[in-house]
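The values are calculated or read from the model by the stated rules, or taken from the named source; none is laboratory data. None of these values were measured; they are calculated from a predicted model. Counting neighbours? That spans all protein chains shown, and the Cβs are built from the backbone with ideal geometry, glycine included.
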Amino acid sequence: MDSESILAVLFIIGGIFFVGILILGFCANIGNMADGVATDSIARISQGGWVWKTWRVQLTNDHPIEGNPMYYGLDYHNQQLIEDLEHYAETGERVKLYYRSDLINWQWEYPDAEVIYKVEPVKSQGA
């Protein structure tokens, strides 16, 4: 192979790599792996999206940055969890959300880096 052929092959491989990185950037949230707990009442649970129908949950007073509320993703395969969250949203009961942050999550699964995997009611002080 002459140098022009090698250069053309390298250019094509570089272009494919660049396009792959762009696709990954538009289709994935890249963050850090962590687990956490948030406690409050549920302000909103909603399903949305034009292409990917995903679920989001927002707590009542969970505002880490003023004007930018924290949203939690929800695994749409876990129907029991969705029903439990809808119930707690209707009753206004305080809940404890258990969530995880994956290194990479895809937009068609959950649009937010923090994904709820468990919910339970908060026990009152007198109980």
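One residue stands out in segment 74-103 among those that are among the aromatic types (Phe, Trp, Tyr) and surrounded by 16 or more Cβ atoms within 10 Å (Cβ to Cβ): the one that is farthest from Val37 (Cα to Cα), namely Tyr76. Taking the numbered list (1) modelled with pLDDT of 80 or more; (2) over 25 Å from Lys118 (Cβ atoms) in turn, Gly25 passes all entries but (1). Report yes if some residue within segment 60-79 is in contact with a Lys or Arg (Cβ under 8 Å, 6 or more places away or on another chain), of a type in the set (Ser, Thr, Tyr) and either modelled with pLDDT under 85 or part of a loop (DSSP other than H, G, I, E, B) (or both); otherwise report no. Yes; the residues of segment 60-79 include at least one that is in contact with a Lys or Arg (Cβ under 8 Å, 6 or more places away or on another chain), of a type in the set (Ser, Thr, Tyr) and either modelled with pLDDT under 85 or part of a loop (DSSP other than H, G, I, E, B) (or both).
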